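**Student:** Quick one: structure below, then a few questions.
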Amino acid sequence: QVQLVESGGGLVQAGGSLRLSCAASGRTFSSAAVGWFRQAPGKERGFVAAISWSGGTYYKDTVKGRFTISRDNAKNTVSLQMNSLKPEDTAGYYCAAASRGPYYSAYAYDYWGQGTQVTVSS
């Protein structure tokens, strides 16, 4: 069992930065992949980034070079550093944990946090 809590969302101007954190509890966290997904009003939840248990990283094409995912297994946290934010990045951001891939698919994830809102103004 893994419990996930996101933090770090907020309102930022276009071009700004935010750092999201996902704090996990549960002894299986270090062996799980963790992904970030986002969902805007009226749209489906979509993949943003993921990091495997061994540190391999995966990104949605439109965030490559702007977002960086990292994990600290000693602290049971995964972070998403978001730079050069755009209005189209506005969404609720959710972290999730998976024991298997494909990591870009929401169906692979067994546990989800409640989400944190990111709003980017133009």
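The values are calculated or read from the model by the stated rules, or taken from the named source; none is laboratory data. Model, not experiment: these values are computed from the prediction. Glycine gets a Cβ as well: all are built from the backbone with ideal geometry, and neighbour counts include every protein chain shown. Calculation scope for accessible area: heavy atoms of the full protein, side chains included, ligands and nucleic acids excluded. Shrake-Rupley method; radii C 1.70, N 1.55, O 1.52, S 1.80 Å.
**Student:** Find all pairs meeting these conditions: Cβ atoms under 9 angstrom apart; at least six residues apart or on different chains; first residue within the range 12-37 and without any contact (Cβ under 8 Å) to a residue 60 or more places away in the chain; second residue of a type in the set (D, E, K, R) and surrounded by fewer than 17 Cβ atoms within 10 Å (Cβ to Cβ).
**Tutor:** Here the result reads Ala23/Lys75, each pair linking the range 12-37 to a residue that is of a type in the set (D, E, K, R) and surrounded by fewer than 17 Cβ atoms within 10 Å (Cβ to Cβ).
**Student:** Checking Gly46 against (1) over 12 Å from the mean Cα position of the chain (by Cα); (2) surrounded by fewer than 17 Cβ atoms within 10 Å (Cβ to Cβ); (3) closer than 21 Å to Gln117 by Cβ, which test does it fail?
**Tutor:** For Gly46, the failing item is (1).
**Student:** Further, regarding this structure: Can you spot a residue in the range 57-67 that is on the phi > 0 side of the Ramachandran plot and not in a strand (DSSP E or B)?
**Tutor:** Yes, the range 57-67 contains at least one residue that is on the phi > 0 side of the Ramachandran plot and not in a strand (DSSP E or B).
**Student:** For the range 102-122, which positions are out of contact with any Pro (no Cβ under 8 Å at 6 or more places or on another chain) and open to solvent by 40 Å² or more (accessible area, probe 1.4 Å)?
**Tutor:** Pro102, Tyr103, Tyr104, Tyr107, Asp110, Tyr111, Trp112, Gln114, Gln117, Thr119
**Student:** Quick check: anything in the range 50-63 closer than 16 Å to Thr116 by Cα and surrounded by 22 or more Cβ atoms within 10 Å (Cβ to Cβ)?
**Tutor:** Checked against the condition, which is being closer than 16 Å to Thr116 by Cα and surrounded by 22 or more Cβ atoms within 10 Å (Cβ to Cβ), the range 50-63 yields no hits at all.
**Student:** Would you pick out the residues in the range 1-16 that are farther than 22 Å from Tyr111 by Cβ, among the aliphatic types (A, V, I, L, M), in a strand (DSSP E or B) and open to solvent by 40 Å² or more (accessible area, probe 1.4 Å)?
**Tutor:** Result: Leu11, single match.
**Student:** Could I ask something else about it? Could you list, in sequence order, the residues of the range 78-91 that are outside any loop (DSSP other than H, G, I, E, B), in contact with a strand residue (DSSP E or B) (Cβ under 6 Å, 6 or more places away or on another chain) and open to solvent by 10 Å² or more (accessible area, probe 1.4 Å)?
**Tutor:** Ser79, Gln81, Pro87
**Student:** Give the number of residues within the range 64-77 that are within 14 Å of the chain's Cα centre (by Cα), open to solvent by 80 Å² or more (accessible area, probe 1.4 Å) and of a type in the set (A, V, I, L, M, F, W, C).
**Tutor:** The number of residues fulfilling the criteria is 0.
**Student:** Considering only residues that are open to solvent by 60 Å² or more (accessible area, probe 1.4 Å) and not hydroxyl-bearing (Ser, Thr, Tyr), look in the range 17-42 and name the one that is modelled with the lowest pLDDT.
**Tutor:** Only one residue tops the list, namely Arg27.
**Student:** I've got another one for you. Condition first: of a type in the set (Gly, Ala, Ser) and crowded, with 17+ Cβ neighbours inside 10 Å. Now tell me which residues in the range 92-101 satisfy that.
**Tutor:** Those that are of a type in the set (Gly, Ala, Ser) and crowded, with 17+ Cβ neighbours inside 10 Å: Gly92, Ala96, Ala97, Ala98.
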